[in-house]
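The values are calculated or read from the model by the stated rules, or taken from the named source; none is laboratory data. Please read these numbers as outputs of a predicted model, since none were measured by experiment. As a convention, Cβ positions derive from the backbone with ideal geometry for all residues, glycine included, and neighbour counts pool all protein chains shown. Side chains are part of the model used for accessible areas, which takes the heavy atoms of the whole protein and leaves out ligands, DNA and RNA. Shrake-Rupley method; radii C 1.70, N 1.55, O 1.52, S 1.80 Å.
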Amino acid sequence: MSEQKQISSLSILGVLLALGLMAAAFILGVQFKNLRQPGTITVKGLAEKNFQSDSATWNTGVNAHGESYQEVLDLLTARRKRLSKFLGEQRFTAAEMKVGLPEVSRVFNETRDELGNVTRTPNGYDGDLNIVVNTKKLDKIQAAQRAILNFRAQNEFIRFDNPQYLLGNLETIKRDLITQATEDAQKRAVEFAKTGGGKVGAMRSASQGSFNIYSDNGPGEDEDYGGTYDKSTIGKQVRLVVTIEYAIE
């Protein structure tokens with residue numbers, strides 16, 4: 001065989017090999033595409049429902065200042081009795097009131113001279129004592145919150161926070177909302193599938209998103225799905241989001 005014929009044969013063989021590799025690559029590419037892009041759709045489902053709080057926590061307490069540790073302890077004891085008496089008049093039982101231990105700490109006045117040196121001078125003791133009310137009688141909490149404003153006018157050592165209204169059976173509420181959110185997600189998937197001429201198949205995966213408890217007015221403008229629990233109102237708006245992937249047939 002002449003040298004020219006050998007070159008021609010090698011050229012033809014090279015072309016055939018190249019065509020074969022291209023065909024194989026195309027077939028594998030199509031198969032890989034089918035593996036990487038299954039017929040699925042991912043949707044979010046939302047459930048929302050209003051509830052009424054069934055319990056409340058109310059933090060109250062007394063404070064005192066005195067020249068000696070014992071003086072502060074005595075003041076806290078006397079003032080705690082006055083606050084306990086007031087709470088009893090608001091029809092709270094002893095079982096609903098949890099009295100904390102007194103806390104007393106040394107107080108110092110600090111002065112700084114022209115060189116920046118700080119001098120600490122003893123200035124007696126400060127004391128604090130908490131009484132936490134836990135109750136399911138929300139009407140008593142609301143009435144006591146109004147009454148304590150007048151009581152504090154004659155007893156400035158009294159302090160109190162706003163009540164925190166709570167929901168019980170959160171796991172039951174969550175389960176019910178998951179069911180509703182899942183149904184909502186499936187409806188959304190069906191609507192999406194219809195537009196593409198498909199049909200929703202089996203659920204491939206599911207995950208719960210945020211579980212938010214808002215006030216009865218709903219979320220504020222700056223709130224998002226980040227796990228909010230608003231305890232300021234008796235009425236609650238509870239929302240739950242799920243993300244579900246379905247097969248598309």
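Odds and ends about this structure:
- Entry remark, region 90-124: residues being touching a residue at least 12 places away in the same chain (Cβ under 8 Å), open to solvent by 50 Å² or more (accessible area, probe 1.4 Å) and not in a loop (DSSP other than H, G, I, E, B) number 11 in total.
- Residues that are part of a helix (DSSP H, G or I) and either of a type in the set (Val, Ile, Thr) or open to solvent by less than 70 Å² (accessible area, probe 1.4 Å) (or both) within region 131-146 comprise LEU138, LYS140, ILE141, ALA143, ALA144, GLN145, listed in sequence order.
- Scanning region 39-94 for residues being more than 30 Å from GLU191 (Cβ to Cβ), more than 22 Å from the chain's Cα centre (by Cα) and of a type outside the set (Gly, Ala, Ser) gives a total of 27.
- For region 160-191, filtered to residues that are closer than 15 Å to THR243 by Cα and over 24 Å from the mean Cα position of the chain (by Cα), the residue that is most open to solvent (accessible area, probe 1.4 Å) is LYS187.
- Pair list, Cβ under 6 Å, 6 or more apart: region 210-227 residue open to solvent by 50 Å² or more (accessible area, probe 1.4 Å), other residue modelled with pLDDT of 55 or more and in a loop (DSSP other than H, G, I, E, B): ASP216/THR233
- Among the strands (runs of 3 or more DSSP E) confined to region 147-249, the ones with at least 2 residues that are among the hydroxyl-bearing types (Ser, Thr, Tyr) are located at 200-215, 235-248.
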